[in-house]
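Some notes on the structure that comes next.
The values are calculated or read from the model by the stated rules, or taken from the named source; none is laboratory data. Computed from a predicted structure; not experimentally measured. As a convention, Cβ positions derive from the backbone with ideal geometry for all residues, glycine included, and neighbour counts pool all protein chains shown. Protein only, heavy atoms only, side chains kept; ligands, DNA and RNA dropped before computing areas. Shrake-Rupley method; radii C 1.70, N 1.55, O 1.52, S 1.80 Å.
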Amino acid sequence: MEQTVVDLQEQRISVLDDLLEQVNVTSLLDSWGPEKVIQVYDPKIKMEGILVIDNTARGPGKGGFRISSGVTPTEVFKLARTMTWKCALADLPFGGAKGAINADAYSIDKIRFVKTFARAVSTFSPDQWVAAPDMNVGEKEIEAFVEEIGSMKAATGKPERLGGIPHELGTTGFGVGVSIESTLEVLSKTVTIQETLENLKVVIQGFGNVGSELTKYLANRGARIVGISDYWGAAYNPKGIDASKALKHAYACDEAHSIKGCKGATAIARDDVTYLNCDILVPAAISNVITGQNASKIKAKLVFEAANNPTTIIAEQTLFKRGVLVIPDCIVNAGGVIGSYVEYIGGSPDEAFAMIEAKISQNTRKVLKSAINSDTITLPRAMAMKIAQKRVSQAMHRRAGQEL
Ligand code: NAD
């Protein structure tokens, strides 16, 4: 096919944009942060690490670190900024931060890389950064990290024998369930949606930690889970998928164990699950799955963002115009970080679940009620951001006052 000059120019601009994204951190600066963007390198083992401490006005920056090839400072910054708002909204004494090691997790000695990364950023942790698990980082890597730093306060998500509250206990999925129930209670007073989960049709995209724990919660409340997907495919049953059968396919690591093989359900194409007839859609897998291109095909009345950034801005507005509400990630999936806070202060798993229930229920109600009662039509996310930004701004003013 013949390429026009405009096509070629666009390609060049996009290549330049990509390059800029990797190296240019000054374009990220705004009135909130980031306070520090640290890039570290160990030439001996070729370990490239990034740490972004976005804002510490409310406390040390909280956020996990991931091992992922091709990860850029911009990507780490966006994740750190999300943590700034999430911690403020949950009213935790934490700021926002995120770390990353740029490597293929399957072809490195992970523990050695993590220890090298820990040494390189040890000046900042635990005072300015409290780490946690993220992609390709589990409790073993976190144990290596805290040992190398020499402080148990340097990270959460530690093994239980070190006083940790592992994410595997299901804190995030539980919080998603609480947010769904609180939403139904508030909305049922103003729109035609029932107040309880009993028999409501739910679709879950992603069947790992969050998706499977949410399934347990919903099944206990009598919801009808009509569709579940994972990386390899999806299962569908309009009468409801049997949760105990589905859970045999949780955390599948290969196609043979995929949810698409779930007994008593029909296998359908992976992405078709998003367009099923249902009341509630829960994206619990990856980012940017509901976009301007496919938003008009969503049939759910409510979308709960269990994943981080699953809905693009355009998609959220398209859905809103059609009367479909998106309850944002900074409220819905905060169970993990609230559990981390309880670990940080030496609390127990029971205390973590109690705090998650109280905070997520309160935040969901507060944001929805203020969105409903506002003079102009407002997205729940805009309301959530307003609350979070006010809290961070107040903390920044307090800190500036102390520094005078
Ligand atoms: P996980 O790795 O345990 O599970 C991810 C699931 O998504 C897997 O079942 C995988 O097969 C599936 N998946 C991947 N690509 C898919 C696709 N294109 N379509 C459908 N399914 C796909 O991850 P998790 O811990 O359950 O996290 C899920 C999401 O929730 C992520 O976005 C994560 O950032 C977010 N989150 C997790 C936590 C937590 O505590 N685990 C906390 C906050 C946010």
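In summary, helices (runs of 4 or more DSSP H) completely within region 249-368 and bearing 2 or more residues that are without any contact (Cβ under 8 Å) to a residue 12 or more places away in the chain occur at 313-321. Evaluation of residue 244 against the conditions (1) modelled with pLDDT of 95 or more; (2) farther than 23 Å from residue 301 by Cβ; (3) within 13 Å of the ligand (Cβ to nearest atom) shows that the sole unmet condition is (3). For residues that are more than 15 Å from residue 235 (Cβ to Cβ) and either polar (S, T, N, Q) or within 11 Å of the ligand (Cβ to nearest atom) (or both), scanning just region 181-207, find the one that is surrounded by the fewest Cβ atoms within 10 Å (Cβ to Cβ). Of everything passing the filter in region 181-207, 192 is surrounded by the fewest Cβ atoms within 10 Å (Cβ to Cβ).
Among the residues of region 243-265, those that are farther than 17 Å from residue 210 by Cα and touching a helix residue (DSSP H, G or I) at 6+ places or on another chain (Cβ under 9 Å) comprise 255, 257, 260, 261, 262, 263, 264, 265.
With the structure loaded, tell me whether residue 176 is open to solvent by less than 30 Å² (accessible area, probe 1.4 Å), within 16 Å of the ligand (Cβ to nearest atom) and not assigned by TED's automatic domain parsing to the domain that holds residue 55 or whether it fails that test. Spelling it out, residue 176 is indeed open to solvent by less than 30 Å² (accessible area, probe 1.4 Å), within 16 Å of the ligand (Cβ to nearest atom) and not assigned by TED's automatic domain parsing to the domain that holds residue 55. Residues in region 335-363 that are within 13 Å of the ligand (Cβ to nearest atom), closer than 16 Å to residue 181 by Cα and not hydrophobic (A, V, I, L, M, F, W, C): 335 only. Checking the stated criteria, residue 226 turns out not to satisfy the condition of being open to solvent by 20 Å² or more (accessible area, probe 1.4 Å) and either in a strand (DSSP E or B) or near the ligand (Cβ under 9 Å from one of its atoms) (or both). When we screen 332, 342 for residues that are in contact with a strand residue (DSSP E or B) (Cβ under 7 Å, 6 or more places away or on another chain), open to solvent by less than 10 Å² (accessible area, probe 1.4 Å) and modelled with pLDDT of 95 or more, the only hit is 332.
Any residue at all in region 94-113 that is within 16 Å of the ligand (Cβ to nearest atom) and either hydroxyl-bearing (Ser, Thr, Tyr) or part of a loop (DSSP other than H, G, I, E, B) (or both)? Yes, the conditions are met somewhere in region 94-113.
Conditions tested, residue by residue: (1) more than 13 Å from the ligand (Cβ to nearest atom); (2) over 19 Å from residue 187 (Cβ atoms); (3) of a type in the set (A, V, I, L, M, F, W, C).
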{"site": "267", "(1), (2), (3)": "yes, yes, yes"}
{"site": "297", "(1), (2), (3)": "yes, yes, no"}
{"site": "309", "(1), (2), (3)": "no, yes, no"}
{"site": "314", "(1), (2), (3)": "yes, yes, yes"}
{"site": "327", "(1), (2), (3)": "yes, no, yes"}
{"site": "333", "(1), (2), (3)": "no, yes, no"}
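Taking the options 102, 55, 136, name whichever one is touching a helix residue (DSSP H, G or I) at 6+ places or on another chain (Cβ under 7 Å) and open to solvent by 30 Å² or more (accessible area, probe 1.4 Å). It is 136.
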